[in-house]
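S.K.: Take a look at this one; I'll ask things after.
Every read-out reported here was derived from the displayed coordinates using simple, explicitly stated rules and does not represent laboratory data. Remember, it's a predicted structure, so these values are computed and weren't measured experimentally. Here the Cβ positions follow ideal geometry from the backbone for every residue, glycine too, while neighbour counts run over all protein chains shown.
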Amino acid sequence: VQLQASGGGLVQAGGSLRLSCAASGRTFSHSPVAWFRRAPGKEREFVAAISWSGRTTEYSDSVKGRFTISRDDAKSTVYLQMNSLRFEDTAGYYCAARGPFLDATRVSDGYEHWGQGTQVTVSS
């Protein structure tokens with residue numbers, strides 16, 4: 001499955017963006033999907049994940065209450081709605097998918113399919 005992340009851009013602090021992760025080649029309707037991010041000079045970190053059923057979501061403490069992950073399997077797309085953006089949210093954001101019917105995980109090594117990333121820049 002190929003993943004295409006989009007929706008990044010430049011936004012002022014306090015603003016919002018919605019990222020999209022679209023699948024092609026094979027749908028990920030039964031796959032858990034996660035978003036990770038990497039800021040310059042920092043390690044890649046977990047942001048959010050959604051189970052293959054869509055019933056369960058997880059968030060890092062740094063984004064909980066501000067970001068929302070959701071999925072529309074009819075469109076083979078997972079979204080990350082980001083509100084109340086902060087300067088420290090500036091990073092490249094990457095979506096990733098695991099094999100079908102597996103549990104979501106916060107560990108990046110658990111994901112076998114990755115998108116190319118989309119840059120989010122928050123100005124203070």
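S.K.: What does the charge count around GLU45 come to, taking other residues whose C-beta lies under 10 Å from its C-beta (Lys +1, Arg +1, Asp -1, Glu -1)?
M.R.: Details: positive: ARG37, ARG38, LYS42, ARG44, ARG106; negative: GLU43.
Net charge in that neighbourhood comes out at +4.
S.K.: Taking the C-alpha atoms of the range 59-107, how large are the radius of gyration and the largest Cα-Cα span, Dmax, in Å?
M.R.: 12.5, 36
S.K.: Consider all pairwise Cα distances in the range 9-75 and report the whole-number % of them above 17 Å.
M.R.: Numbers: 1126 of 2211 pairs.
Of the Cα pairs, 51 percent sit more than 17 Å apart.
S.K.: Which of the GluC sites (Glu not before Pro) found in the range 27-124 are in a DSSP loop and have at most 12 neighbouring Cβ atoms, other than their own, within 10 Å?
M.R.: Details: sites: GLU43, GLU45, GLU58, GLU88, GLU112; in loops: GLU43, GLU112.
Filter output for the range 27-124: GLU43, GLU112.
S.K.: Distance between Cα centroids, the range 61-114 to the range 13-58: provide it in whole Å.
M.R.: About 1 Å separates the Cα centre of the range 61-114 from the one of the range 13-58.
S.K.: When the gyration tensor of the chain is built from Cα positions, what are the square roots of 5 times its three eigenvalues, in whole Å, from largest to smallest? Don't skip to the end; give the middle numbers.
M.R.: Values: eigenvalues 102, 38, 36 Å².
Ellipsoid semi-axes (Å, largest first): 23, 14, 13.
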